[in-house]
Amino acid sequence: MAMELSSPPGAPAVVLLSGGLDSATTLAIARDRGHACYCLSLDYGQRHGAELNAAKKLASSLGAREHRVMKLDLAAFGGSALTDEHIAVPTEGVGSGIPVTYVPARNTIMLSLALAWAEVLGSRDIYVGVNAVDYSGYPDCRPEFIASFQAMANLATKAAVEGARLTIHAPLISLSKADIIRRGVSLGVDYGMTISCYQADEGGRACGLCDACRLRQEGFAAAGVTDPTVYQD
C-alpha cells in the first residue's frame, strides 16, 4: 500500500518504532523522504522488552528529531503470548490462521497514540511498518485496516476537520521481507541494531525459532544479505 507524500520536505512525521527490522526500515524511508521524524515506541508489557533499547539506538542512528517511549500495560489484559508468560511463543514454524502472538488491538492503540502526537506536532503524516506479505497473519497489518484507520483519523481530529488531512504511510505493506531488507540496506540501516525475536533475552539475543526469527532469517537469505542477528546458544 503505497501512500503519496502529502507534506513538503522538512515537515514533521510521527514514526512508530518498535526496534525491529520493519520499523527501522520505515524510519529510514521517512527520513529519506525528507521528514523531520518523531519516533514513538510503546512499552506495552511485551516479553521482548529488549526491542525498546534497540528502538532508542535506531532513533539516534537514523537521525530522529525526537524519540518517546510511552508505557501502556497491555499485559493487564493478556490474551497474547507476547504479553502473557503463561502462553508459550510458538516455535514450530509459521502456520495458518492468526497466531497466539497477536496482541489484541495493538496496532489500533499505537496508531491512535501516534495520531494524538501528530495532531499536537502539526504533522499530517504517520508512518507504520506493517507488512501483509511475509508476516504472521495479523489482521491489523492488512491494507484494509490502514485505509480504514486513515478514514477514521480524518473524521476524528480537529486538524483534519479544519482541513489538515492526515495520511497513514505503510511503505512496506506490499513488499517481501527480502525487498524490505534490500531497501533498508540501500538507505543505510544497520540491521545488527534491530531486534525482531518475540522472546529475545535481556541482551537482545534471538531464539531463532519463533515466527519473527524464521521470517527474518528467510528474508536475509532471499535478499542475499548476511544475517547480522546474534542468536542464543
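The values are calculated or read from the model by the stated rules, or taken from the named source; none is laboratory data. These figures come from a predicted structure and were not determined experimentally. Neighbour counts are summed over all protein chains in view; Cβ atoms, including those assigned to glycine, are modelled from backbone coordinates with ideal geometry. Note: accessible area is taken over every heavy atom of the protein model, side chains too, but ligands, DNA and RNA are not part of it. Shrake-Rupley method; radii C 1.70, N 1.55, O 1.52, S 1.80 Å.
Any chance you could check the Cα centroid distance between region 158-197 and region 8-74 for me, in angstrom? Region 158-197 and region 8-74 have Cα centres separated by 10 Å. Could you check what % of the DSSP bridge pairs in the chain are antiparallel, to the nearest 5? Among the beta bridges of the chain, antiparallel pairing accounts for roughly 0 percent.
Provide the FRET efficiency to the nearest 0.05 for the Val100-Lys158 pair, computing r from the beta carbons and using R0 = 30 Å.
Working: r = 38 Å, r/R0 = 1.28.
Given R0 = 30 Å and the Cβ-Cβ separation, E is 0.20.
With a 1.4 Å probe and all protein chains left in place, how much of the accessible area of region 32-99 comes from carbon and sulfur atoms, in whole percent? Working shown, then result.
Details: 1680 of 3590 Å².
Taking all protein chains in place, region 32-99 shows 47 percent carbon and sulfur surface.
Between Asp233 and Arg65, the modelled labels are 4.6 nm apart [label points 7 Å from Cα along Cα→Cβ].
A cut-off of 5 Å between modelled amide H atoms, ignoring neighbours fewer than 5 places along the same chain, links Thr167 with Asp125, Ile126.
Considering only Gly78, Gly95, Gly63, the mean-square fluctuation computed in a Gaussian network model of the chain, springs between alpha carbons under 10 angstrom, is largest for Gly95. Remark: spin-label model distance Ser112-Ser186 equals 3.7 nm, labels positioned 7 Å along the Cα→Cβ axis. For region 1-127, the relative contact order is 30 percent, taking Cα pairs closer than 8 Å that sit 6 or more residues apart in sequence and dividing their mean separation by the residue count.
If DNA, RNA and ligands are ignored and the probe is 1.4 Å, what is the ranking of Thr26, Thr108 by accessible area, most exposed first? Each step should come with its number before you reach the end.
On the way: Thr26 0, Thr108 55 Å².
If we order Thr26, Thr108 from most to least accessible, we get Thr108, Thr26.
The loop-placed GluC sites (Glu not before Pro) in region 124-226, going by DSSP, that have at most 12 neighbouring Cβ atoms within 10 Å of their Cβ come out as Glu162, Glu202.
Please state the shape class of region 79-233: rounded when a/c is under 1.5, otherwise prolate if a/b exceeds b/c and oblate if not, all from the C-alpha gyration tensor.
Prolate, since a/c reaches 1.5 and a/b exceeds b/c.
Solvent-accessible surface (1.4 Å probe) assigned to Tyr44 amounts to roughly 10 Å². For the pair Val225 and Arg205 in one chain, pulling the backbone fully straight at 0.36 nm per residue adds 5.3 nm over the alpha carbon distance.
Relative contact order of the chain, taken over Cα pairs closer than 8 Å and 6 or more residues apart, is 26 percent. For a straight C-alpha distance cut-off of 29 angstrom, the lysines reachable from Lys57 (same-chain residues fewer than eight places away being disregarded) are Lys71, Lys177. Placing +1 on the Cβ of every Lys and Arg and -1 on the Cβ of every Asp and Glu, with no other charges, gives region 35-153 a dipole of roughly 360 debye about its Cα centre.
So with the 1.4 Å probe, I'd like the accessible area per residue for region 74-233, rounded to whole Å². Don't skip to the end; give the middle numbers.
Numbers: 7360 Å² over 160 residues.
I get 46 Å² per residue for this part.
Modelled spin-label separation between Thr91 and Arg165, with each label point placed 7 Å from Cα along the Cα-to-Cβ direction: 4.9 nm.
Could you work out the relative contact order of region 37-83, using alpha carbon pairs under 8 angstrom and six or more residues apart, expressed as a whole percent? Spell out each step's value before the answer.
On the way: 59 pairs, mean separation 25.9, N = 47.
Here the relative contact order equals 55 percent.
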